[in-house]
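These notes concern the structure reproduced below.
The values are calculated or read from the model by the stated rules, or taken from the named source; none is laboratory data. Treat the numbers as computed from the prediction; the structure is a model and nothing was measured. Neighbour counts are summed over all protein chains in view; Cβ atoms, including those assigned to glycine, are modelled from backbone coordinates with ideal geometry.
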Amino acid sequence: MTKLANLILENGTIFSGINVGIEGEIVGEIVFNTAITGYQEILTDPSYLGQIIVFTYPHIGNVGTNTQDEESKKIHANGIIMRSISKIDSNFRSTKNILQYIKKNKIIAISDIDTRKLTHIIRNNGSQYGCIQSGKYINIRYAFKKIKKYKKKSKEKKIKYLTTKKIKIWNNKNYFSKKKTFHVVVYNFGVKKSILKILDKMGCKITLVSYNINIKKIISLNPSGILLSNGPGDPRSYIVAIKNVKKLLNFSIPIFGICLGHQILALSLGSKIIKMKFGHHGSNHPVQNILTKRVFITSQNHNFTIDPKTIKKNMSVTHISLFDKTIQGISLKNHLSFSFQGHPESNPGTHDIKKLFNKFIKNMKYKEKKCQKEKI
């Protein structure tokens, strides 16, 4: 029997649809994603913790799901909104259809609503908090109370659910690089598997550490480079990480920041972060290299950006968005460190900007050669 579900927005708009997840209710910030493919990679991206994803592509689930395409062990998004969901899957790698996958992950989801209208509301009015209710949990008056209460809650504790609690060596079960040339310490704010796999294939030994690890422990690990990973929430709430990165810049260790890590690097340098009207979420975002004028199509997932008025003298802006001119990349003038706002691992998305990992490797090579010369 078909069960009904409602989506209630904080501005008073109500959508009626069909429940395709577990029965219940959930509140979160609603963000729309414009990607045409890669719905499983999007669902398992830890950066979506606390958010409700709207897929603008009208038909989701036709290739099913599998374990290879997961970016983490589970769906981290609070809920899912779709125009239509495929009850059948057709792909040789599929092990579960999308309906089974959503229910296994105990996610509340709604389909058969006008996602085009919903997206227009977010674009025109900015980010919206909302509540999905299904089955016996449908109570519109109560939904508005839940939304109001949720907005007041502190979101600083999100990272505690994702970060590495202890120092951990990461191993790729499906691939092992024969020679590990570099040792990369990854600040795990909610890192995607694809990032780790790329570093592994490029000959990096990977050590995952907590977002609030003591800086002395970082130095004792003797890293060739440090990666500041992607993750959820407001970067300004990562106070300990910002202070530690600021201290790390006093050493000659190359740093590479991705998405949230990009924003944390900027904050550690004294720049300010501002919230965007509705963020960037999708795999079709054009970004331009300011120096070469080359354009890259990139995968994006963020609600915050660097305030261009607060760029410091020791920073260079390397990339900008061609959608809204927001800052997409920065580089330090006096240090082997840089960052990128989008997702260079590109899962899902094109692989245009994947070469940034080569730059990180190049910086680590330069640093180690310099150290060898100094020893001589």
Checklist entry - Does Thr350 satisfy the criteria of being more than 20 Å from Ser229 (Cα to Cα), in contact (Cβ under 8 Å) with a residue 24 or more places away in the chain and not assigned by TED's automatic domain parsing to the domain that holds Ile30? => result no
Checklist entry - In region 287-295, is there at least one residue being surrounded by 19 or more Cβ atoms within 10 Å (Cβ to Cβ), of a type in the set (Val, Ile, Thr) and in contact (Cβ under 8 Å) with a residue 40 or more places away in the chain? => result yes
Checklist entry - From the residues in region 148-177 that are in a helix (DSSP H, G or I) and modelled with pLDDT under 80, which one is nearest to Asp234 (Cα to Cα)? => result Glu156
Checklist entry - What residue, of Ala35, Ala109, Ala143, is outside any helix (DSSP H, G or I) and buried (at least 22 other Cβ atoms within 10 Å of the Cβ)? => result Ala109
Next on the checklist: Quick test of your reading of the structure: Gly225 fulfils all but one of (1) farther than 21 Å from Phe360 by Cα; (2) touching a residue at least 40 places away in the same chain (Cβ under 8 Å). Name the failing condition by number.
Outcome noted: (1)
Item to check | Residue list for region 181-198, filter: hydroxyl-bearing (Ser, Thr, Tyr) and either more than 13 Å from Leu162 (Cβ to Cβ) or not assigned by TED's automatic domain parsing to the domain that holds Ser229 (or both) | outcome: Thr181, Ser194
Item to check | Residues satisfying the stated conditions in region 26-63, i.e. more than 22 Å from Ile297 (Cα to Cα) and polar (S, T, N, Q) | outcome: Gln51, Asn62
Checklist entry - Out of Glu25, Glu10, which single residue is crowded, with 20+ Cβ neighbours inside 10 Å, closer than 22 Å to Asn125 by Cβ, of a type in the set (Asp, Glu) and touching a Phe, Trp or Tyr at 6+ places or on another chain (Cβ under 8 Å)? => result Glu10
Checklist outcome for this item: Among the residues of region 42-73, the number that are under 19 Å from Glu345 (Cβ atoms) and outside any strand (DSSP E or B) is 15
Checklist entry - Which of the residues spanning region 120-140 are at pLDDT 95 or above, touching a Phe, Trp or Tyr at 6+ places or on another chain (Cβ under 7 Å) and surrounded by fewer than 18 Cβ atoms within 10 Å (Cβ to Cβ)? => result Arg123
Checklist entry - In this structure, is Thr115 within 17 Å of Asn19 (Cα to Cα), in contact (Cβ under 8 Å) with a residue 24 or more places away in the chain and not aliphatic (A, V, I, L, M)? => result yes
Item to check | Of the criteria (1) at pLDDT 95 or above; (2) under 27 Å from Asn301 (Cβ atoms); (3) out of contact with any Cys (no Cβ under 8 Å at 6 or more places or on another chain); (4) not hydrophobic (A, V, I, L, M, F, W, C), which one Asn222 fails | outcome: (2)
Next on the checklist: Which of the numbered conditions does Asn334 fail, given that it passes all the others? Conditions: (1) under 25 Å from Gln40 (Cβ atoms); (2) at pLDDT below 95; (3) among the polar types (S, T, N, Q).
Outcome noted: (1)
Checklist entry - In the set Ile8, Ile30, Ile80, Ile22, which member is of a type in the set (A, V, I, L, M), in a strand (DSSP E or B), more than 21 Å from the chain's Cα centre (by Cα) and modelled with pLDDT of 95 or more? => result Ile8
